[in-house]
Amino acid sequence: MSPETLHYLNMFLGVGVIVLQILSVVALALLIYGKENKYLSLIKDNFIQIGFFLTFSAVLVSTFYSEVVGYLPCFHCWVQRIFIFPQAILFAVAWFRKEATVLWYAIPLTILGLADAIYLNYIYYFNPNSAPCDASGVSCVQRLMSEFGGYISIPMLSLSGFVALLTVLLVVYFYKKDN
């Protein structure tokens, strides 16, 4: 893949991540505000499909960067994959079986993945000297993707995906429609 094509792909993903971040902040603000609204109702009514889309997209993007582009995942990328990859299967099965109980399986996986994503972003953006790089030579702080002034990176993609998924799960758990 040419560097120019990869740059445009990174920009496309970067814009998508920024939109996802905005949608997550809006949903959290509306959830805190506590009034009934169509946006939160839409999320709650379709959370299984949204969860599947978010997790499957994470699987596709992660696999694309490692297998097609050739970016080897660092230790933290592997840890985060452990917590996001199975969720794509869980949400797919829940969608097929129309089972909202997937919420209870997704919450702990999402929180654990989010905790590692927060730590990786801390290392990446604020304390690169504390990176726990392993013997394989893959660095957690290597700048493989840096768009929008360095704001959009591979760790930021992961963090944004986990935050968006947790936002969806929080809406499902806490949002009560007035009927």
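When you check Tyr119 against the structure, is it more than 13 Å from the chain's Cα centre (by Cα), open to solvent by 70 Å² or more (accessible area, probe 1.4 Å) and over 15 Å from Leu165 (Cβ atoms), yes or no? Considered against the rule, which asks whether it is more than 13 Å from the chain's Cα centre (by Cα), open to solvent by 70 Å² or more (accessible area, probe 1.4 Å) and over 15 Å from Leu165 (Cβ atoms), Tyr119 comes out as yes. Checked against (1) loosely packed, with under 15 Cβ neighbours inside 10 Å; (2) touching a helix residue (DSSP H, G or I) at 6+ places or on another chain (Cβ under 6 Å), Ala27 passes all but condition (1).
For Leu114, the criteria (1) in contact (Cβ under 8 Å) with a residue 24 or more places away in the chain; (2) open to solvent by 40 Å² or more (accessible area, probe 1.4 Å); (3) out of contact with any Pro (no Cβ under 8 Å at 6 or more places or on another chain) hold in every case but one, which is (2).
Residues are listed down the side, and each one gets a yes or a no for (1) out of contact with any Phe, Trp or Tyr (no Cβ under 7 Å at 6 or more places or on another chain); (2) surrounded by fewer than 22 Cβ atoms within 10 Å (Cβ to Cβ); (3) over 24 Å from Lys98 (Cβ atoms):
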{"residue": "Gly51", "(1), (2), (3)": "no, no, no"}
{"residue": "Phe64", "(1), (2), (3)": "yes, yes, yes"}
{"residue": "Tyr71", "(1), (2), (3)": "no, yes, yes"}
{"residue": "Trp78", "(1), (2), (3)": "yes, yes, yes"}
{"residue": "Ile82", "(1), (2), (3)": "yes, yes, yes"}
{"residue": "Pro86", "(1), (2), (3)": "yes, yes, no"}
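Looking at the range 69-88 only, could you name the residues that are under 14 Å from Ile154 (Cβ atoms) and part of a helix (DSSP H, G or I)? Val69, Phe75, His76, Cys77, Trp78, Val79, Gln80, Arg81, Ile84, listed by residue number.
The test for being farther than 15 Å from Lys176 by Cα and either touching a residue at least 40 places away in the same chain (Cβ under 8 Å) or loosely packed, with under 15 Cβ neighbours inside 10 Å (or both) holds for Gly14. Note on the range 123-179: among residues that are among the β-branched types (Val, Ile, Thr) and modelled with pLDDT under 75, the one that is nearest to Asn37 (Cα to Cα) is Val141.
Comparison of Ser146, Ser130, Ser158, Ser41 shows that the only residue that is surrounded by 15 or more Cβ atoms within 10 Å (Cβ to Cβ) and out of contact with any Asp or Glu (no Cβ under 8 Å at 6 or more places or on another chain) is Ser158.
The values are calculated or read from the model by the stated rules, or taken from the named source; none is laboratory data. Values in this document were obtained by computation on a predicted structure and should not be read as measured data. As a convention, Cβ positions derive from the backbone with ideal geometry for all residues, glycine included, and neighbour counts pool all protein chains shown. Surface areas here come from the heavy atoms of the whole protein model, side chains and all, with no ligands, DNA or RNA. Shrake-Rupley method; radii C 1.70, N 1.55, O 1.52, S 1.80 Å.
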